[in-house]
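The values are calculated or read from the model by the stated rules, or taken from the named source; none is laboratory data. Everything numeric here is computed off the predicted structure, so don't read it as measured data. Cβ: placed from backbone, ideal geometry, glycine included. Neighbour counts: every protein chain shown. Ligands, DNA and RNA are stripped out before the accessible areas are found, and what is left, the full protein with its side chains, is counted by its heavy atoms. Shrake-Rupley method; radii C 1.70, N 1.55, O 1.52, S 1.80 Å.
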Amino acid sequence: MTDLYYMRRALELAERGRGWTSPNPMVGAVLVREGRIIGQGWHVRCGELHAERHALKNCTESPKGATMYVTLEPCCHQGRQPPCTDAILEAGIARVVVGSGDPNPLVAGKGLDILRSHGVEVETGVLEEECRALNRVFFHYIQTKRPYVTMKYAMTLDGKIATRTGASQWITGEEARGQVHRDRHFHTGIMVGIGTVLADDPLLTCRMEGGKDPVRIICDTRLRTPLDSRIVRTAEEVLTVIATCCADPARRAPYEAAGCRGLVLPERGGHVDLTALMERLGQMGIDSVLLEGGGTLNWVALESGIVQRVQAYIAPKLFGGGTAKSPVEGLGVETPAQAVRLKNTTVTPVGEDFLLEGDVDTDVYRNR
């Protein structure tokens, strides 16, 4: 077996923590001696053992002299858990193979230096691209202190998110809808605009078995969310944030009494300033947001430069209709050269539908 084989196993283990480790990264670790796996672990949940200590705890024999494969540089600082570098040294691990470095300033190469200074053989960059992709949310948040935003929508093959009458349930099949709920579990927050609330009266919860609900974020510039909406009526059960430009305490009071948390933000272009909103959400510890808005909010988000990734579920259907809604509306760009471009794109079949996703090319977008 090769280093690549064991690192792939560590990546599989890391995935088991998806949705539970925030704001920590997902990490997997595998201990190998003489071609045999003698211990495996992953970061199960924020506050619990890190992957390295979890793998050591699960060892079937002494780890002294073994090789540890870990998807992220071992931590070397005291947080909710003690430094993993200490555990590695105490266990007598002879070699550590690391997928990607840790951008956290408290670590950022220091963990590798500590191991090397104590005679541990350290190799880096094994499946680095895959290891970095696993923790794209963590990397973005630790470096910017703002949430990683994924813009998600479902549309027909002719680019419609509803029929000309506004009907939209259901564009995609059960498999795609199930995947969306897994993404809701993974993201710390979910965001929509007032238009979606008025049109659909959504709950914005996670219906995945054993999943957790994201923080609900409503962009409501003029504070028009109905007090009898399902969002407001369940605000005591699911943390709900209403981002508004309405500074009138009397108008906000009924929402706050119902359990909603109000964020009063500056106005920009007739809408809540989304850049300011991301700053506030980051301060609240929200490291990722699934944007499930309509065409207007999606355009404002792209125009504001807050979107890092796009997920488009495409159904093999045609709605037609010149007035039928599309996923991105607003003013739009003037020329094709000004388009928001995606890179690292993939297309994945999901039941009868297809998921096209990719990263927003921020360099191109910045220079529009």
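Applying the selection to region 276-289, what residues are in a helix (DSSP H, G or I), out of contact with any Lys or Arg (no Cβ under 9 Å at 6 or more places or on another chain) and open to solvent by 10 Å² or more (accessible area, probe 1.4 Å)?
So in region 276-289, the residues in a helix (DSSP H, G or I) come out as 276-283.
Filter once more, keeping what is out of contact with any Lys or Arg (no Cβ under 9 Å at 6 or more places or on another chain): 277, 280.
Within region 276-289, just Arg280 meets the criteria.
Mind checking which residues of region 120-139 are closer than 17 Å to Met68 by Cβ and in a loop (DSSP other than H, G, I, E, B)? Show your work before the answer.
Within region 120-139, the first condition is being closer than 17 Å to Met68 by Cβ, and the residues that meet it are 120-128, 131.
Listed by number, the residues that qualify are Val120, Gly125, Val126, Leu127.
Taking into account only those residues within region 300-339 that are within 11 Å of Thr156 (Cβ to Cβ) and among the hydroxyl-bearing types (Ser, Thr, Tyr), which is modelled with the highest pLDDT?
For region 300-339, the residue satisfying everything is Tyr313.
For Glu292, all conditions in the list (1) among the charged types (D, E, K, R); (2) open to solvent by less than 50 Å² (accessible area, probe 1.4 Å); (3) without any contact (Cβ under 8 Å) to a residue 60 or more places away in the chain hold save one; what is the number of the exception?
The number of the failed condition is (3).
Using the structure shown, decide if Thr345 is open to solvent by 20 Å² or more (accessible area, probe 1.4 Å), touching a residue at least 60 places away in the same chain (Cβ under 8 Å) and of a type in the set (Ser, Thr, Tyr). Please lay out each step first, then the result.
Values: open to solvent by 20 Å² or more (accessible area, probe 1.4 Å): yes; touching a residue at least 60 places away in the same chain (Cβ under 8 Å): no; of a type in the set (Ser, Thr, Tyr): yes.
So Thr345 does not fit the description; no.
Yes or no: region 3-20 includes at least one residue that is open to solvent by 10 Å² or more (accessible area, probe 1.4 Å) and over 27 Å from Glu129 (Cβ atoms).
Within region 3-20, none of the residues are open to solvent by 10 Å² or more (accessible area, probe 1.4 Å) and over 27 Å from Glu129 (Cβ atoms).
For every residue, the table says whether it meets (1) open to solvent by 40 Å² or more (accessible area, probe 1.4 Å); (2) of a type in the set (D, E, K, R); (3) touching a Ser or Thr at 6+ places or on another chain (Cβ under 7 Å); (4) not in a helix (DSSP H, G or I).
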| position | (1), (2), (3), (4) |
| --- | --- |
| Val70 | no, no, no, yes |
| Pro82 | yes, no, no, yes |
| Leu89 | yes, no, no, no |
| Leu115 | no, no, yes, no |
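Given (1) open to solvent by less than 20 Å² (accessible area, probe 1.4 Å); (2) not in a strand (DSSP E or B), where does Glu175 come up short, assuming only one miss?
(1)
Look through region 186-203, keep the residues that are in contact with a helix residue (DSSP H, G or I) (Cβ under 7 Å, 6 or more places away or on another chain) and within 22 Å of Gly17 (Cα to Cα), and return whichever of them is surrounded by the fewest Cβ atoms within 10 Å (Cβ to Cβ).
Step by step, filter region 186-203, then rank; the result is Gly189.
Look at Ile142 and say whether it is in contact (Cβ under 8 Å) with a residue 12 or more places away in the chain, buried (at least 16 other Cβ atoms within 10 Å of the Cβ), β-branched (Val, Ile, Thr) and over 20 Å from Val360 (Cβ atoms). If you could, list the steps in order and put the result at the bottom.
Working: in contact (Cβ under 8 Å) with a residue 12 or more places away in the chain: yes; buried (at least 16 other Cβ atoms within 10 Å of the Cβ): yes; β-branched (Val, Ile, Thr): yes; over 20 Å from Val360 (Cβ atoms): no.
It is false that Ile142 is in contact (Cβ under 8 Å) with a residue 12 or more places away in the chain, buried (at least 16 other Cβ atoms within 10 Å of the Cβ), β-branched (Val, Ile, Thr) and over 20 Å from Val360 (Cβ atoms).
Is at least one residue of region 147-167 of a type in the set (A, V, I, L, M), open to solvent by 50 Å² or more (accessible area, probe 1.4 Å) and over 19 Å from Gly17 (Cα atoms)?
Residues of region 147-167 of a type in the set (A, V, I, L, M): 149, 151, 154-155, 157, 161-162, 167.
After this cut, where a residue has to be open to solvent by 50 Å² or more (accessible area, probe 1.4 Å) as well, the list is 157, 167.
Of the ones still in play, those that are also over 19 Å from Gly17 (Cα atoms) are 157, 167.
Yes, some residue in region 147-167 is of a type in the set (A, V, I, L, M), open to solvent by 50 Å² or more (accessible area, probe 1.4 Å) and over 19 Å from Gly17 (Cα atoms).
Could you grab the pairs with beta carbons closer than 6 Å, sequence gap of 6+ or different chains, first residue in region 253-269 and exposed (fewer than 13 other Cβ atoms within 10 Å of the Cβ), second one among the charged types (D, E, K, R)?
Pro266/Asp273
List pairs: first in region 33-54 and open to solvent by 60 Å² or more (accessible area, probe 1.4 Å), second at pLDDT below 90, Cβ under 8 Å, 6+ apart or cross-chain?
Glu48/Gln81
Between Glu73, Glu48, which is touching a strand residue (DSSP E or B) at 6+ places or on another chain (Cβ under 9 Å) and charged (D, E, K, R)? Spell out how you get there, then give the answer.
On the way: Glu48 fails: touching a strand residue (DSSP E or B) at 6+ places or on another chain (Cβ under 9 Å).
Step by step, each of Glu73, Glu48 is checked, and only Glu73 is touching a strand residue (DSSP E or B) at 6+ places or on another chain (Cβ under 9 Å) and charged (D, E, K, R).
Restrict the check to region 298-313 and report whether at least one residue is charged (D, E, K, R), over 16 Å from the mean Cα position of the chain (by Cα) and open to solvent by less than 30 Å² (accessible area, probe 1.4 Å).
Start the filter on region 298-313 by keeping residues that are charged (D, E, K, R), which leaves 303, 309.
Subset that is over 16 Å from the mean Cα position of the chain (by Cα): 303.
Add one more test, that the residue is open to solvent by less than 30 Å² (accessible area, probe 1.4 Å), and what stays is none.
No - not one qualifying residue is present in region 298-313.
Restricting region 178-201 to residues that are among the small types (Gly, Ala, Ser) and part of a helix (DSSP H, G or I), which is farthest from Leu223 (Cα to Cα)? Reasoning before the result, please.
Within region 178-201, the first condition is being among the small types (Gly, Ala, Ser), and the residues that meet it are 178, 189, 193, 195, 199.
In the following step, the residues that additionally are part of a helix (DSSP H, G or I) were identified as 178, 195, 199.
Details: Gly178: 31, Gly195: 12, Ala199: 15 Å.
Per the stated criteria, the residue is Gly178.
Pick out the one residue from Lys317, Lys325 that is touching a strand residue (DSSP E or B) at 6+ places or on another chain (Cβ under 9 Å), assigned to a loop (DSSP other than H, G, I, E, B) and not β-branched (Val, Ile, Thr). Don't jump to the end; show me each part of the working.
Working: Lys325 fails: touching a strand residue (DSSP E or B) at 6+ places or on another chain (Cβ under 9 Å).
Answer to the selection: Lys317.
For region 87-127, name all the residues that are at pLDDT 90 or above and among the charged types (D, E, K, R).
If the condition is that a residue be at pLDDT 90 or above and among the charged types (D, E, K, R), then Glu90, Arg95, Arg116, Glu121, Glu123 are the ones that fit.
Give me a count of the residues in region 216-242 that are open to solvent by 20 Å² or more (accessible area, probe 1.4 Å), under 24 Å from the mean Cα position of the chain (by Cα) and within 26 Å of Arg268 (Cβ to Cβ).
Number of matching residues: 1.
Filtering region 202-261 down to residues that are assigned to a loop (DSSP other than H, G, I, E, B) and small (Gly, Ala, Ser), which residue is nearest to Met278 (Cα to Cα)? Let's see the steps before the verdict.
Let us first name the residues in region 202-261 that are assigned to a loop (DSSP other than H, G, I, E, B), namely 202-214, 220-229, 234-239, 245-248, 258-260.
Within this subset, residues satisfying the condition of being small (Gly, Ala, Ser) are 210-211, 229, 235, 247, 258-259.
Numbers: Gly210: 28, Gly211: 24, Ser229: 25, Ala235: 21, Ala247: 19, Ala258: 24, Gly259: 21 Å.
Top of the filtered list is Ala247.
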